[in-house]
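The values are calculated or read from the model by the stated rules, or taken from the named source; none is laboratory data. Note that this is a predicted model, so its numbers are computed, not measured. No Cβ is skipped: glycine too gets one built from the backbone with ideal geometry, and neighbour counts run over all protein chains shown. Quick note on the areas: whole protein, heavy atoms, side chains included, nothing else; ligands and nucleic acids left out. Shrake-Rupley method; radii C 1.70, N 1.55, O 1.52, S 1.80 Å.
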Amino acid sequence: MAVDPNRSFMRSLCLGVIDEDMLLPFPRIGGETAETLRAVIDSIDDLLGPRAEDFRAWDAAGELPREFVDELRAFGLFGLVVPEEHGGLGFGSLAYSRTLQQIARHDASVAVTVGAHNSIGMRGLLLFGTEEQRRRYYPKLASGEMIAAFCLTEPEAGSDAASVKTTAVDEGDHFRLNGSKLWITNVEIADFFTVFAKTGPKDSRGKLSAFIVTRDMPGVSVAPHEDKMGLRASYTNAVFFDDVKVPKENLLGPLHGGFKVAMKILNSGRSGLGGGAVGAMKRLIELASHQARERRQFGRPIGEFGLVKQKIGQMVVDCYAAEAVVTLVAGWVDAGSEDYAVEAAIGKVFASEALWRTADEALQVAGGNGYMRDYPYERFLRDSRINRIFEGTNEILRLFIALNAMNDVGAQLQELAASLQDVFVHPIKGFGVLSEYARKHVSLATGAGRSRFTQLHPRLDRAASQFEGHVRVLAQVVDRLLRKHGRNIVEKQLATRRLADIMIDLFVLAAVLARVDAQIRSRGEAASHRDLQILDVFAGGARRRIAQNLADVDDNEDEPLKDLADYAMDRGGYGWDVFG
Ligand SMILES: Cc1cc2nc3c(=O)[nH]c(=O)nc-3n(C[C@H](O)[C@H](O)[C@H](O)COP(=O)(O)OP(=O)(O)OC[C@H]3O[C@@H](n4cnc5c(N)ncnc54)[C@H](O)[C@@H]3O)c2cc1C
């Protein structure tokens with residue numbers, strides 16, 4: 001795998017280029033890290049395995065006992081990503097994501113408590129901290145003496161994170177912090193908060209800065225924790241900052257650069273959420289398989305019925321694909337990539353939705369038992385729902401995925417359109433511009449140039465050429481949308497969503513191809529039989545979804561659908577009844 005820090009696989013793909021070097025070989029955990037990781041995973045099973053009944057009771061009670069949080073501290077789970085020289089395990093993204101996978105198999109509330117600390121709470125320090133800040137806080141964060149929380153959301157600033165109202169006013173040697181944050185994971189048990197506040201003028205937007213705030217600072221207070229649908233044992237609270245004096249040296253990252261700091265933290269931390277989703281899916285597949293073997297109806301185990309097999313088979317495909325994406329992106333982060341935001345967002349959207357499908361179908365396989373609190377399915381369903389909402393809702397991330405890609409293509413088209421004017425001003429010089437335009441446009445529309453796989457195992461030729469065909473569709477869709485809507489595309493969310501969905505299918509397919517390629521090369525074709533079946537199922541589904549999305553670009557009911565939504569919103573509900 002050759003990672004150029006500033007190359008993005010998906011952005012290249014939108015320009016018709018398959019950046020194969022970024023995909024192959026598929027990342028794997030080896031050497032010393034693998035040994036450490038195996039030991040950590042085994043001891044996580046020893047620690048959490050016997051607590052299944054406790055987790056159920058703590059979910060009902062709605063909180064993790066403090067003594068159990070102490071056990072997590074003693075175990076070292078708060079030091080997963082802290083560098084070894086500061087007392088942590090120094091895990092990279094891949095090893096970290098695999099660890100969260102193991103925790104999430106046992107309990108989602110524990111996974112989110114550990115995840116909010118490592119993935120987002122203290123990640124700002126990891127990415128932007130000064131030497132002094134790191135020296136000061138790393139050891140306490142590694143031991144769990146300080147648990148970390150990420151404080152961005154406010155009552156009026158959710159998806160629109162740039163609109164935060166909490167202010168930090170420069171008063172010489174300190175900033176005066178005033179405001180409140182909502183639904184902050186861990187804040188009740190945390191001592192280290194990464195807080196985002198407005199540092200620009202009163203009427204400015206987006207001029208935020210990040211600060212390290214500690215619980216002992218006068219003026220910090222925390223509300224009682226929320227009573228939630230899922231992740232019930234994890235702590236989620238509002239936190240208030242009332243004239244808190246934050247020393248100047250606690251500024252994290254550049255002044256007014258806080259929005260970028262927040263986005264970088266969220267991007268970088270996404271391997272944690274993805275790993276957690278994969279862990280929960282693996283456990284659900286075990287439960288559903290057991291249920292399908294044991295439960296008999298019509299004189300047979302229900303697992304013999306095609307409709308039950310379909311559900312379990314799909315769970316396997318979804319889990320393998322989610323694991324492939326999460327692993328690939330984490331591998332890039334570890335290899336020093338800086339431009340993986342689109343792919344990390346795809347991983348988050350795909351893994352959270354794959355988990356939701358899996359939890360829903362596993363509950364269905366369990367029938368009425370699935371609905372009962374004595375069984376674990378309803379808890380998995382409740383716990384998994386939040387993944388589509390937090391760390392960027394899947395709607396916002398879909399817009400981000402598609403608009404980012406179109407931005408690049410749009411910039412190229414604009415550049416070409418601008419230089420085309422030369423054709424008229426300087427006819428001879430302009431000829432070169434014209435042929436350049438023609439070449440680039442053809443490459444966009446047909447995917448010529450570096451638009452082929454050349455290094456994949458020959459057994460994957462058919463899937464590879466299918467992928468290459470999809471890349472041409474992607475280029476056509478981007479091109480068509482930009483020509484049709486121009487800048488107005490930002491307001492065309494339903495069209496944008498189709499593009500995002502094509503991009504999601506393509507990236508997941510690329511990750512699955514890379515994973516199967518590695519499998520065939522290390523184990524041989526015969527032993528990769530199941531992997532090839534997974535590839536077939538995923539590629540077939542992707543082909544049909546992509547064709548549908550392409551057809552829907554010009555043939556859709558977007559306008560009447562939006563009109564109906566306006567109608568419902570205007571009247572305040574549904575407008576029909578069966579009375580005459
Ligand atoms: C259990 C839990 C833990 C959390 N932990 C943390 C934490 O540790 N730190 C933290 O800072 N925050 C945390 N959050 C907050 C979480 O990140 C936000 O809930 C999330 O960002 C969405 O914001 P919102 O709830 O205000 O929804 P809104 O932004 O109000 O969105 C509501 C709906 O509108 C859609 N929508 C909004 N804008 C657009 C648009 N432009 N186009 C299309 N659709 C749009 C959204 O996708 C969503 O479906 C947590 C929340 C929960 C429930």
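What residue, of Lys228, Lys245, is surrounded by 15 or more Cβ atoms within 10 Å (Cβ to Cβ) and either within 12 Å of the ligand (Cβ to nearest atom) or not in a loop (DSSP other than H, G, I, E, B) (or both)?
Step by step, each of Lys228, Lys245 is checked, and only Lys228 is surrounded by 15 or more Cβ atoms within 10 Å (Cβ to Cβ) and either within 12 Å of the ligand (Cβ to nearest atom) or not in a loop (DSSP other than H, G, I, E, B) (or both).
Would you mind stating whether Ala190 is farther than 26 Å from Phe91 by Cα, among the small types (Gly, Ala, Ser) and in contact (Cβ under 8 Å) with a residue 24 or more places away in the chain?
The answer is no for Ala190.
Per-residue answers, yes or no, for (1) surrounded by fewer than 13 Cβ atoms within 10 Å (Cβ to Cβ); (2) in contact with a His (Cβ under 8 Å, 6 or more places away or on another chain); (3) among the aromatic types (Phe, Trp, Tyr); (4) not assigned by TED's automatic domain parsing to the domain that holds Val325:
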residue	(1), (2), (3), (4)
Gln493	no, no, no, yes
Thr496	no, no, no, yes
Ser522	yes, no, no, yes
Val537	no, no, no, yes
Ile546	no, yes, no, yes
Arg571	yes, no, no, yes
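Yes/no per residue for (1) among the basic types (Lys, Arg); (2) closer than 19 Å to Lys181 by Cα; (3) out of contact with any Pro (no Cβ under 7 Å at 6 or more places or on another chain):
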position: Pro224; (1), (2), (3): no, yes, yes
position: Lys228; (1), (2), (3): yes, yes, yes
position: Arg232; (1), (2), (3): yes, no, yes
position: Thr236; (1), (2), (3): no, yes, yes
position: Phe240; (1), (2), (3): no, yes, yes
position: Leu251; (1), (2), (3): no, yes, yes
position: Val261; (1), (2), (3): no, yes, yes
position: Lys264; (1), (2), (3): yes, no, yes
position: Ser271; (1), (2), (3): no, no, yes
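Limited to segment 248-259, what total is found for residues that are open to solvent by 10 Å² or more (accessible area, probe 1.4 Å) and within 14 Å of the ligand (Cβ to nearest atom)?
Summing the residues that are open to solvent by 10 Å² or more (accessible area, probe 1.4 Å) and within 14 Å of the ligand (Cβ to nearest atom) in segment 248-259 gives 1.
So Gly87 passes all but one of these: (1) more than 25 Å from Ala351 (Cβ to Cβ); (2) touching a Leu at 6+ places or on another chain (Cβ under 6 Å); (3) not assigned by TED's automatic domain parsing to the domain that holds Leu284. Which condition number does it fail?
Only one criterion is unmet by Gly87, namely (2).
Matching residues to (1) surrounded by 14 or more Cβ atoms within 10 Å (Cβ to Cβ); (2) modelled with pLDDT of 95 or more:
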| site | (1), (2) |
| --- | --- |
| Gly16 | yes, no |
| Glu32 | no, no |
| Leu48 | yes, yes |
| Arg56 | yes, yes |
| Ala60 | no, yes |
| Pro65 | no, yes |
| Phe75 | yes, yes |
| Val82 | yes, yes |
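With the structure loaded, tell me whether Val69 is buried (at least 17 other Cβ atoms within 10 Å of the Cβ), in a helix (DSSP H, G or I) and at pLDDT 95 or above or whether it fails that test.
yes
Tally the residues that are assigned to a loop (DSSP other than H, G, I, E, B) and either modelled with pLDDT of 95 or more or within 12 Å of the ligand (Cβ to nearest atom) (or both), restricting the search to segment 204-225.
Summing the residues that are assigned to a loop (DSSP other than H, G, I, E, B) and either modelled with pLDDT of 95 or more or within 12 Å of the ligand (Cβ to nearest atom) (or both) in segment 204-225 gives 8.
Among the helices (runs of 4 or more DSSP H) lying completely within segment 81-142, list those that include at least 2 residues that are farther than 17 Å from Glu391 by Cα.
Answer list for segment 81-142: 93-106, 123-128.
Those residues that are over 32 Å from the mean Cα position of the chain (by Cα) and either under 18 Å from Leu474 (Cα atoms) or part of a loop (DSSP other than H, G, I, E, B) (or both), I need them from segment 538-580; list them, please.
Matches in segment 538-580: Gly572, Gly573, Tyr574, Gly575, Trp576, Asp577, Val578, Phe579, Gly580.
Report whether or not Thr130 is away from the ligand (no atom under 16 Å from the Cβ), hydroxyl-bearing (Ser, Thr, Tyr) and not assigned by TED's automatic domain parsing to the domain that holds Asp242.
When the stated conditions are applied, Thr130 passes them.
I need the full set of residues from segment 231-242 which are open to solvent by 40 Å² or more (accessible area, probe 1.4 Å) and within 16 Å of the ligand (Cβ to nearest atom), in order please.
Of everything in segment 231-242, those that are open to solvent by 40 Å² or more (accessible area, probe 1.4 Å) and within 16 Å of the ligand (Cβ to nearest atom) turn out to be Arg232, Phe240.
To keep it simple, each residue is scored yes or no on (1) touching a helix residue (DSSP H, G or I) at 6+ places or on another chain (Cβ under 6 Å); (2) crowded, with 24+ Cβ neighbours inside 10 Å; (3) part of a strand (DSSP E or B).
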position: Gly276; (1), (2), (3): yes, yes, no
position: Gly303; (1), (2), (3): yes, no, no
position: Val308; (1), (2), (3): yes, no, no
position: Lys311; (1), (2), (3): yes, no, no
position: Gln314; (1), (2), (3): no, no, no
position: Val317; (1), (2), (3): yes, no, no
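When you scan segment 363-386, how many residues do you find that are under 24 Å from Lys309 (Cβ atoms) and either of a type in the set (Asp, Glu) or within 16 Å of the ligand (Cβ to nearest atom) (or both)?
Counting residues in segment 363-386 that are under 24 Å from Lys309 (Cβ atoms) and either of a type in the set (Asp, Glu) or within 16 Å of the ligand (Cβ to nearest atom) (or both) gives 4.
Which of the numbered conditions does Ala262 fail, given that it passes all the others? Conditions: (1) in a strand (DSSP E or B); (2) within 15 Å of the ligand (Cβ to nearest atom); (3) of a type in the set (A, V, I, L, M).
Of everything listed in (1) in a strand (DSSP E or B); (2) within 15 Å of the ligand (Cβ to nearest atom); (3) of a type in the set (A, V, I, L, M), Ala262 misses just condition (1).
Consider Gly87 against the criteria (1) closer than 30 Å to Lys260 by Cβ; (2) open to solvent by less than 10 Å² (accessible area, probe 1.4 Å); (3) not hydrophobic (A, V, I, L, M, F, W, C): it satisfies all of them except one. Which criterion is unmet?
Failing condition for Gly87: (2).
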